[in-house]
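Step one of this worksheet: look at the structure below.
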């Protein structure tokens with residue numbers, strides 16, 4: 001079966017750092033994506049990991065450990081506009097399989 | 001280069017009617033995916049299509065739902081005899097031919113069944 005787990009909700013303070021974890025068990029693996037989705041809008045691409053290690057892109061970084069079936073998204077210097085859902089997705093053979101998403105609320 | 005275009009953005013249907021959702025992929029993209037998102041839930045895969053071919057429909061309900069991606073024109077997701085439980089946001093994503101895994105999403109169609 002396919003199983004992708006993320007925390008349902010997280011809160012953090014403006015300017016802080018937050019780490020959103022994702023664990024997965026899938027029948028195939030061709031990479032892991034993180035998407036950001038604001039309420040009522042389309043998911044937008046944040047990052048892609050296919051090899052173990054850390055990928056850094058500005059304030060956002062994403063880490064992957066294939067042996068542990070684990071990834072995290074790290075958001076630094078949080079801003080109010082970062083309040084959104086963050087979706088972990090595994091590319092499995094021919095399609096993206098999504099977790100339920102983590103709703104992040106950033107407070108001033 | 002326009003992004004993935006979905007229409008309509010909002011669709012209201014009475015129970016028992018048909019809903020047709022359209023998706024035009026990005027220029028040069030030949031792969032289309034449909035996802036459904038229920039309120040407060042994640043994206044659930046429905047179907048993966050290439051031109052004139054259904055590649056993977058493992059996420060499609062067995063009845064009332066169908067999808068196509070003709071040689072010319074947009075991809076269509078069709079829901080017959082809609083029920084209240086079909087109310088959701090339906091997102092389409094497209095990706096280039098083999099060799100790229102990134103999918104670009106449209107703005108979605110929000111279907112409300114009354």
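Rule-based calculations on the coordinates, nothing more; no lab input. The structure presented is a predicted model; accordingly, all values stated were derived computationally and were not measured. For neighbour counting, all protein chains shown are included, and Cβ atoms are generated from backbone atoms with ideal geometry for every residue, glycine included.
Quick notes
- In terms of the mean number of neighbouring beta-carbon atoms within 10 Å, the peptides B:46-55, A:8-17 order highest first as B:46-55, A:8-17.
- Principal axis dimensions, region A:44-85 - Cα atoms, whole angstrom, descending: 34, 19, 17
- Radius of gyration (Cα atoms) of region A:65-106, expressed as a multiple of 2.2 N^0.38 Å: 1.40.
- Rg/Rh ratio calculated on Cα atoms of chain B (Kirkwood radius): 0.95
- Projected onto their three principal axes, the Cα atoms of the protein assembly as shown cover extents of 49, 38, 37 Å, largest first.
- The mean sequence separation of alpha-carbon pairs under 8 Å and at least six residues apart, normalised by the residue count of chain B, gives a relative contact order of 37 percent.
- Across peptide B:27-33, the mean count of Cβ atoms from other chains lying within 10 Å of each residue's own Cβ comes to 1.
- Note on A:67, B:58, A:85: ascending count of other Cβ atoms within 10 Å places them as A:67, B:58, A:85, the fewest first.
- Debye log10 I(q)/I(0) for region A:9-94, one point scatterer per Cα, at q = 0.12, 0.17, 0.19, 0.22 Å⁻¹: -0.35, -0.69, -0.85, -1.09
- In units of the compact-protein estimate 2.2 N^0.38 Å, region B:1-52 shows a Cα radius of gyration of 1.32.
- For A:89-102, mean number of other protein chain Cβ atoms within 10 Å: 5
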